[in-house]
Amino acid sequence: MATKKQIAANRRNALKSTGPRTDRGKAVSRFNALRHSLRAKSHSLSIGSLDELRQIRSDYIQSFQPQTPKQDDLVLRMAFARWQMLRWQRVEAQELSEPSYIDPLRQARMMDLLTYRQARHQRAFTKAFEQYRRSIRAGQRLPESPPRALIS
């Protein structure tokens, strides 16, 4: 437990603390608590991003023409995985294009995480695509399929 004298000294010292004063100092200090920027506000979903997902989904449904509920689900998984891959590629491009004040080790970790995310969605796409191909080969086609699930 801090004494009253220590608390008073801490308060006096806090008044002297003004933070960085130069533009460079401010730019560096803004990353003090950053582990990675993957959940930063600048990378958040926008209406345009959701429109892109809807367009990819529509293109994939038209291209693959799923005939069963299972095939429909797999096509939607492929569309979602493709959309995620594109999003992470844009994040990576943005990270590489902006001047970085982050130390090289932290930047390398961030790039590793981006690569991991992209690879994860690539695997999800490939898995759904292979399952879709197997369902076609197995002849799992029904005369009519139920209405496709829509992403709202």
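The values are calculated or read from the model by the stated rules, or taken from the named source; none is laboratory data. Predicted, not measured: the structure shown is a model, and the values here were computed from it. Every residue, glycine among them, receives a Cβ derived from its backbone with ideal geometry; neighbour counts consider all protein chains shown.
Some points to look at:
- Residue match in region 98-112 (condition: modelled with pLDDT of 85 or more and part of a helix (DSSP H, G or I)): yes
- Selection count where residues are exposed (fewer than 10 other Cβ atoms within 10 Å of the Cβ) and at pLDDT below 50, scope region 132-152: 6
- Restricting region 44-71 to residues that are among the aliphatic types (A, V, I, L, M) and at pLDDT 65 or above, the residue that is surrounded by the fewest Cβ atoms within 10 Å (Cβ to Cβ): 50
Results for (1) surrounded by 12 or more Cβ atoms within 10 Å (Cβ to Cβ); (2) at pLDDT 80 or above; (3) in contact with a helix residue (DSSP H, G or I) (Cβ under 8 Å, 6 or more places away or on another chain), shown as yes or no for each residue.
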position: 42; (1), (2), (3): no, no, yes
position: 73; (1), (2), (3): yes, yes, no
position: 94; (1), (2), (3): yes, no, yes
position: 130; (1), (2), (3): no, yes, no
